[in-house]
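Below is one structure, written out as C-alpha cells; the observations come after it.
The values are calculated or read from the model by the stated rules, or taken from the named source; none is laboratory data. Everything quoted here is computed from the prediction, not taken from an experiment. Glycine gets a Cβ as well: all are built from the backbone with ideal geometry, and neighbour counts include every protein chain shown. For the accessible areas, the whole protein counts, side chains as well, though only heavy atoms, and no ligand, DNA or RNA atoms are used. Shrake-Rupley method; radii C 1.70, N 1.55, O 1.52, S 1.80 Å.
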Amino acid sequence: MQTSQKHKITGKCIDWPVQELESYCWPPNQSLEPYQSGSDDGSNSVQPSVPNLERYCTLDSSSSMQNSSSTASFSPDGSPVSQQNYTYPLDLHHSPENTCASPISGSCVIDNENDLGLMIRQLETAILGNDSGDLDLHAIAASGRATEVSVEAERWKYMKEMIARGDLKELLCTCAKAIERNDMYMTDCLIAQLRQMVSVSGEPMQRLGAYMLEGLVARLASSGSSIYKALRCKEPASPELLSYMHILYEICPYFKFGYMSANGAIAEAMKEESRVHIIDFQIAQGSQWLTLINALAGRPGGPPSIRITGIDDPTSAFARGGGLEIVGQRLRKLAESCKVPFEFHAAAISGTEVQLENLGIQPGEAIAVNFALMLHHMPDESVDTQNHRDRLLRLAKSLSPKVVTLVEQEANTNTAPFIPRFLETMGYFSSIFESIDVSLPREHKERINVEQHCLAREIVNIIACEGQERVERYELFGKWRSRFIMAGFTPSPLSPFVNATIKTLLQSYCDKYTLEERDGVLYLGWMDRAIIASCAWRCLTEG
C-alpha cells in the first residue's frame with residue numbers, strides 16, 4: 001500500500017479501496033511513547049506525535065504539521081480530501097446502530113493480558129464515573145478474566161455497553177474527558193470508534209459529532225487555529241449563488257431576526273433625526289443594512305441622510321471576495337434606488353485596533369453603534385490585560401450615541417473550563433443542527449458547505465484552542481448586561497411593534513422556533529434552548 005494514497009471524504013463516506021478495507025488494523029505493538037506532555041499555556045495536556053494524529057484528521061490541519069508529508073484539504077465541491085497514512089478505515093457514514101460490522105476494523109489490538117486489564121478498568125472508570133484511578137493490575141491479572149475471552153471481544157463488549165448507555169454523545173464526552181486527563185490510550189480507542197459513528201450527511205448529532213471530533217483531534221495536534229483560518233466563510237465559485245453565510249441566515253432565522261430586531265431599535269431611536277451615522281463594528285457583507293435603508297426610505301416626512309462606517313478585519317475580504325469598497329458600492333446602489341442620501345466610510349481594521357480617529361465622527365449627526373455577533377471575538381480580562389471587550393464599550397459610550405445594539409450567541413464558551421465548555425458547545429450547536437434539518441435535506445450540497453464553512457470552524461475553535469487562539473468566546477446575556485452597565489449604559493427595551501413584527505415573520509418557519517421577551521431582551525431559540533439574545537442600550541446620562 002502506498003503511504004500517500006489519497007482518500008476523498010464525501011458527504012456519505014470515504015472512498016477506500018476494497019483491498020485496504022480488508023487489511024486495516026492497529027499495529028500490534030502500539031506504544032505510548034509518541035505522546036509528550038506539556039503545552040504552551042502551562043497545562044498538562046499531552047501532545048501526540050504527527051504520525052499518530054494523521055490517522056484522524058479530515059479538516060485542513062496540515063499547516064501545523066510541518067514534519068509530515070501528508071496533507072488535508074478541501075476539494076472544489078467543498079468536500080474534505082485527505083492524503084494521509086491511515087492505519088484503519090475512517091467510515092464517516094457508519095451508523096451508531098450498525099454494530100454488526102467486524103470489530104477488527106478500527107480496533108485497539110492489545111499485546112498482553114496486563115494491557116487488557118488496564119484498558120478494561122479504564123473503560124469501567126469512564127462508564128461508572130469512578131475517578132479513583134487506582135488500577136490493581138496484579139488483581140486483574142490474577143482474576144484470569146483476560147484468558148476467558150479474546151482481547152478484541154472483551155474490548156468490543158465494553159465499548160458496546162458504553163454506546164448503549166450514551167450513544168454518540170456519551171462517547172464524545174468520554175473522549176473529551178480522556179483527553180483532559182491525558183489518557184491517550186483510551187483516547188486512541190475512542191477516536192477510532194467515534195470515526196465510525198459520525199457523518200457529515202447523517203442525523204444532526206452525527207453531523208455535529210463529526211466536527212466536535214475534529215475539534216478534539218485538533219486539540220491534540222494543536223492545529224485548531226490553522227483550521228479556523230482555513231475555513232473562513234467565502235463566496236461560492238459561481239457568482240450567482242448566495243454566500244454560505246447568507247444561506248445560513250435564510251435557513252436559520254436566529255441570526256437574521258437578531259439583525260432585524262437591531263434594525264428596529266435603530267429605526268425607533270432615529271425616527272426624529274435628519275442625519276444618521278451608523279457605526280457597524282463588524283459589517284461583513286453589509287446585508288443587515290439593506291432592510292434598514294428600505295425602511296428609512298419610507299419614513300413619514302422623508303428619509304434622513306445616512307452615513308455608515310463599516311469596520312471589519314482586512315482578512316474578511318476573503319469572505320466578501322474583495323475589500324470593503326464592495327460593501328460600500330452595494331449599499332450605495334440600493335440607497336440611490338430608494339432616493340436616500342447616503343455615504344459610506346470604510347475602516348478596514350481589526351476591532352482590537354479601533355480608536356476614535358478611525359470612526360470619522362462629524363458634528364451634528366445622531367450616532368447608532370451596532371455590535372452584532374462581534375464583541376465575543378474581542379479578548380476580555382481573562383485573555384488580555386487590555387480587555388478590548390470592555391474598551392470598545394467605553395469607546396462607544398464616549399460617542400454619546402442615541403442607541404447601541406447588541407446581538408450575541410446565548411452561550412458560555414468564554415471562561416468555562418474545557419469539559420463544561422465542551423458540553424455547552426454540544427448543547428448549543430445540537431439545537432442549531434437540528435433546526436437546519438427542517439430546512440435543507442441532509443444530502444444537500446449547500447447544507448454541507450454551510451455547516452462546514454460557517455459552523456465547523458467555530459466548533460473546532462471553541463474545542464481545540466486556548467488563550468489568544470480561542471476567538472469564539474460567547475457570553476451569556478447576564479455577563480453582557482454587567483459589562484454595559486459598568487460602561488455607563490442603561491437598557492432600552494425594544495418596541496412592541498418590532499417584537500410583534502418578528503413574531504409574525506417567525507410564523508413562516510417551523511413551529512419549534514421560539515421567541516421570548518424578558519426584561520426588554522429578545523431571545524430567539526429552538527424549542528427550549530435560547531440561541532441568540534438581542535437588545536438595545538442608551539447612555540445612562542440621557543433622559
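Data overview
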| item | result |
| --- | --- |
| Candidates Tyr474, Tyr509, filtered to the one that is farther than 20 Å from Met205 by Cβ, open to solvent by 40 Å² or more (accessible area, probe 1.4 Å) and in a loop (DSSP other than H, G, I, E, B) | Tyr509 |
| Residue within the range 413-423 that is in contact (Cβ under 8 Å) with a residue 24 or more places away in the chain, open to solvent by less than 10 Å² (accessible area, probe 1.4 Å), touching a strand residue (DSSP E or B) at 6+ places or on another chain (Cβ under 6 Å) and outside any strand (DSSP E or B) present | no |
| Any hit, the range 478-491, residues being over 30 Å from Pro420 (Cα atoms), outside the structural domain of Ser439 (by the TED database), crowded, with 17+ Cβ neighbours inside 10 Å and of a type outside the set (D, E, K, R) | yes |
| Test for Glu451: is it surrounded by 20 or more Cβ atoms within 10 Å (Cβ to Cβ) and either basic (Lys, Arg) or assigned to a helix (DSSP H, G or I) (or both) | yes |
| Positions within the range 500-530 being of a type in the set (D, E, K, R) and without any contact (Cβ under 8 Å) to a residue 24 or more places away in the chain, in sequence order | Lys503, Asp511, Glu516, Glu517, Arg518, Asp528 |
| Answer residue from the range 428-473, given it is among the polar types (S, T, N, Q) and more than 20 Å from Ser225 (Cα to Cα) and is nearest to the chain's Cα centre (by Cα) among those | Ser430 |
| Meets criteria (crowded, with 20+ Cβ neighbours inside 10 Å and closer than 21 Å to Ser243 by Cβ) for Asn370 | yes |
| Test: Ala269 is touching a helix residue (DSSP H, G or I) at 6+ places or on another chain (Cβ under 6 Å) and at pLDDT 90 or above | no |
| Pairs, first over 22 Å from Thr187 (Cβ atoms) and outside any helix (DSSP H, G or I) in the range 211-234, second open to solvent by 10 Å² or more (accessible area, probe 1.4 Å) and at pLDDT 85 or above, C-beta under 6 Å, six or more apart | Leu231/Arg457 |
| Residue within the range 282-299 that is in contact with a Gly (Cβ under 8 Å, 6 or more places away or on another chain), over 18 Å from Val407 (Cβ atoms), in contact (Cβ under 8 Å) with a residue 40 or more places away in the chain and not in a loop (DSSP other than H, G, I, E, B) present | no |
| Qualifying residues in the range 392-412 (those that are surrounded by fewer than 18 Cβ atoms within 10 Å (Cβ to Cβ) and not polar (S, T, N, Q)) - the one nearest to Glu273 (Cα to Cα) | Leu399 |
| Of residues in the range 247-281 being assigned to a loop (DSSP other than H, G, I, E, B) and within 14 Å of Val404 (Cα to Cα), the one nearest to the chain's Cα centre (by Cα) | Phe281 |
| Identity of the residue in the range 513-526, farther than 21 Å from His376 by Cβ and touching a helix residue (DSSP H, G or I) at 6+ places or on another chain (Cβ under 7 Å), that ends up surrounded by the most Cβ atoms within 10 Å (Cβ to Cβ) | Tyr513 |
| The one condition in (1) of a type in the set (S, T, N, Q); (2) in a strand (DSSP E or B); (3) under 19 Å from Tyr254 (Cα atoms) that Asn499 fails to fulfil | (2) |
| Within the range 428-445, tally of residues that are assigned to a helix (DSSP H, G or I) and over 26 Å from Glu410 (Cα atoms) | 1 |
| Subset of the range 477-496 [touching a strand residue (DSSP E or B) at 6+ places or on another chain (Cβ under 8 Å) and assigned to a loop (DSSP other than H, G, I, E, B)] | Gly488, Ser492, Pro493, Leu494 |
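Residue-by-condition table, conditions (1) among the polar types (S, T, N, Q); (2) outside the structural domain of Phe255 (by the TED database); (3) open to solvent by 60 Å² or more (accessible area, probe 1.4 Å):
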{"position": "Ile266", "(1), (2), (3)": "no, no, no"}
{"position": "Ala269", "(1), (2), (3)": "no, no, no"}
{"position": "Arg275", "(1), (2), (3)": "no, no, yes"}
{"position": "Ile278", "(1), (2), (3)": "no, no, no"}
{"position": "Ala284", "(1), (2), (3)": "no, no, no"}
{"position": "Ser287", "(1), (2), (3)": "yes, no, no"}
{"position": "Gly301", "(1), (2), (3)": "no, no, yes"}
{"position": "Ser305", "(1), (2), (3)": "yes, no, no"}
